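The values are calculated or read from the model by the stated rules, or taken from the named source; none is laboratory data. Everything numeric here is computed off the predicted structure, so don't read it as measured data. Cβ placement follows ideal geometry from the backbone for every residue including glycine, while neighbour counts extend to all protein chains displayed.
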Amino acid sequence: MNFGRLLSANSACLRATGRGAFASASPRCFSTAFNSPRSPWLVTGRLAPAHPTRSLSLWPWGSSKSQTPAPSEAASAAPEPVQPSTPADATAPEAILPAAPTETAPADAAANAIVPQTTQEPELVYATPFDPSSVPATTDSAFQALDIATTAVTATPLKWGDLSALGMTAWYTPAGLVRWTLQVFNVTLGMPWFWSIVVGTFLWRVSMFPFHLQSIRNGQKMRKVNPQMQVIREEIQAAKKTQDMLALQRGIMKMQQLNAKHDVNPLKLMLPGFINLPFTLGLFFGVKRLCEEVPQLAVSGFSLLPDLTVTDPYWILPMISVALIQLQIRASAADGSIDLTTAASMPHIMNMMRIFSIITIPLLAKLPIGVLVSLITQSVFMTLQSTILRLPRVRRRLGLEPLGKGFALPSLMESIRFGLNWLKTGGR
């Protein structure tokens, strides 16, 4: 056996460890059995390594873990330090060649291999290639296809509650009430939007008829007391100029007594107009918002006016609306709903309104067709209403006085001359 050779090699390694020249190094010894504190007969009089060393075992059945002495045993077994010798006397330790790399089993190599992380690219989905032959040959066909698609979207019927979700049916506004009633006609009764606007506008004007009738009766009362009121007004004006306080109070008392005698109250006279005006504006703005924000009105259900959301490019409906307004003003003056006897300028003011309606044709042309349908319906209703109220039999049934003379409007030229004269005299 080579036990003697191993012993001599290990002794040489230990001697090199105890030298001053190699005390800072960590030499590699061949066996941990000879460095173990359990064999003090091999390390007596030698220094322990300055640093912990890595030990290799040549015995296949030996432990691969190095035995580290306890701190107390190392302190008791540590000998006195030895003076380092000269470099000439030092024995160089044997060179330890680096161990050849051991081959790793294929399974271990596969397990310990570092797999590079790669980012998975998203799967690309390619659309169908564009086929130029699928495009219609003419531009008109393309527009027809677009019109069909738009009609398919707008043809979806409106459901109950859709207008409420858009905030259009507020009960505390006249416009909200108008839109709610139009929703009833369209959704509940199944009417097309054209006829819903026509019928809804007609019924709203019918609901305003009692206030219109009261306005006519108030006008008749005013015509009865108007001459006496005119005399009292002149007395009051004269008292103000002379600063006669007694005459002024006397004139005010006469006016109050006259109003009480004939049941004439200024607030009652203005009440029908205050009620009628908000709902007239509510019809206008209610239908206007429907035409602007509800796409279902693009399908009107009336072949002559298929789309209620667009304007009239030929201005036919605006001119019809203005023509009916002209008839409505003349009919209202004839049935006594407008009192023309209260002031000499009143008939000419009515003619100024007729001229103003002609000026508004460009403005009406910018409105949607649905709004113009509502305006035309109102004008037709008001004209028919005034025509019916001129009938003597109807007036007797409603308790109205027979029509007198002096209710015809002057011509436009007479009103123009009156206006020029009014400007020259400074409004007197």
*Are there any pairs with C-beta distances below 8 angstrom linking a residue in the range 197-226 that is under 20 Å from Met270 (Cβ atoms) to a residue that is acidic (Asp, Glu), with the two at least 6 apart or on different chains, and if so which?*
Ile216/Asp335; Gly219/Asp339; Gln220/Glu401; Lys221/Asp263; Met222/Asp339; Arg223/Asp339
*Checking Lys366 against (1) charged (D, E, K, R); (2) touching a residue at least 40 places away in the same chain (Cβ under 8 Å); (3) crowded, with 17+ Cβ neighbours inside 10 Å, which test does it fail?*
(3)
*Just give me the residues in the range 159-179 being more than 20 Å from the chain's Cα centre (by Cα), surrounded by 13 or more Cβ atoms within 10 Å (Cβ to Cβ) and under 28 Å from Ser303 (Cβ atoms), in sequence order.*
Val178, Arg179
*Does the range 327-339 include one or more residues that are over 22 Å from Gly219 (Cα atoms), in contact (Cβ under 8 Å) with a residue 12 or more places away in the chain, out of contact with any helix residue (DSSP H, G or I) (no Cβ under 6 Å at 6 or more places or on another chain) and in the same structural domain as Gly370 (by TED's automatic domain parsing)?*
no
*Does Val322 satisfy the criteria of being without any contact (Cβ under 8 Å) to a residue 60 or more places away in the chain, within 13 Å of Leu367 (Cβ to Cβ) and not polar (S, T, N, Q)?*
yes
*For the range 235-256, name all the residues that are closer than 25 Å to Ile216 by Cβ and surrounded by fewer than 15 Cβ atoms within 10 Å (Cβ to Cβ).*
Gln256
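Looking at Gly301, Gly251, which one is in contact (Cβ under 8 Å) with a residue 60 or more places away in the chain and either in contact with a His (Cβ under 7 Å, 6 or more places away or on another chain) or more than 30 Å from Leu403 (Cβ to Cβ) (or both)?
Details: Gly251 fails: in contact (Cβ under 8 Å) with a residue 60 or more places away in the chain.
Result of the check over Gly301, Gly251: Gly301.
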*Would you tally the residues in the range 288-329 being part of a loop (DSSP other than H, G, I, E, B) and over 36 Å from the mean Cα position of the chain (by Cα)?*
0
*Might you check whether a residue that is part of a helix (DSSP H, G or I), surrounded by fewer than 13 Cβ atoms within 10 Å (Cβ to Cβ) and modelled with pLDDT of 90 or more occurs anywhere in the range 213-227?*
no
*asked:* Tell me the residue from Asp263, Asp312 that is surrounded by 15 or more Cβ atoms within 10 Å (Cβ to Cβ) and not β-branched (Val, Ile, Thr), please.
replied: Asp312
*For residues that are among the polar types (S, T, N, Q) and part of a loop (DSSP other than H, G, I, E, B), scanning just the range 145-173, find the one that is modelled with the lowest pLDDT.*
Thr156
*Quick one: would you say Phe274 is assigned to a helix (DSSP H, G or I), over 24 Å from Leu213 (Cβ atoms) and aromatic (Phe, Trp, Tyr)?*
no
